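Here, each number is a calculation from the coordinates, and none is a lab measurement. No experiment lies behind these values; they were computed from the predicted model shown. Please note: Cβ atoms are built from the backbone with ideal geometry, for glycine as well, and neighbour counts cover all protein chains shown.
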Amino acid sequence: MSRRSIPRILPPPVIYLLFVGLAWGLHALLPAPLPDNDWTRWAGWGLIDAGLVLMLWSALLMLWQRTTVNPYGTPAKLLEEGPFRLSRNPIYLADTLVYAGIALLLASLWPWLLLPALILCMSRTVIRHEEALLTELFGDAYRAYQSRVRRWI
């Protein structure tokens, strides 16, 4: 598959923000409240913090290894260490942790109902694009990595 045949995609943070906005809007139109207490607020901030730490760790490793963080860029190296030992997509996992934290802070059912659609959207657009590119660039090494490490966790 040539790189030119892969369509442009929305930046992953924009996709996550669109889903947060959709959940917030749906909650404003059709409230579906969930418990809002100290526990859910602490857990929400904890998930956001965990997501930000994982995101920073992954991005710094990518920068340190001189490869791109940009999903439109061309990776210079296949990373298999650090958080990439446990997930082929640790930054998207981090984004999902932040999303879950925001969902707890919103105290609404809507973000949880939209979460499967968000995961499907990311898997079918962004991740599929990146996997095709990585297969094209790294071939058997990437296929072997795919067989050892799960897409999410």
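Tabulated values for the structure
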| read-out | value |
| --- | --- |
| Residue 108 long-range amide H proximity, modeled H, under 5 Å | 34 |
| Virtual spin-label span in nm between residue 86 and residue 60, 7 Å along Cα→Cβ | 1.6 |
| In sequence order, calculated HN-Hα J values of region 72-81 (Karplus, 6.51, -1.76, 1.60; Hz; x Gly/Pro) | 8, x, 9, x, 8, 8, 8, 8, 10, 10 |
| Helical contribution to [θ] at 222 nm, DSSP H n ≥ 4, -39,500 (n - 2.57), averaged over the chain, rounded to 500 | -21500 deg cm²/dmol |
| Which labelled figure in [x] 15.2, 50; [y] 14.1, 40; [z] 16.8, 51 is Rg and Dmax of the Cα atoms in Å, once derived from the coordinates | [z] |
| Of the DSSP H helices in the chain, those whose Cα atoms cover at least 15 Å axially and whose Kyte score averages 0.0 or more | 12-29, 38-64, 90-106, 110-122 |
| Theoretical FRET efficiency, 1/(1+(r/R0)^6), r = Cβ-Cβ of residue 67 and residue 32, R0 25 Å, to 0.05 | 0.05 |
| In nm, spacing of pseudo-spin labels at residue 112 and residue 124 (7 Å Cα→C-beta vector) | 2.4 |
| Region 8-61: C-alpha gyration tensor shape, a/c 1.5 cut-off, then a/b vs b/c | oblate |
| Nitroxide proxy distance, nm - points 7 Å out along Cα→Cβ at residue 45 and residue 150 | 3.0 |
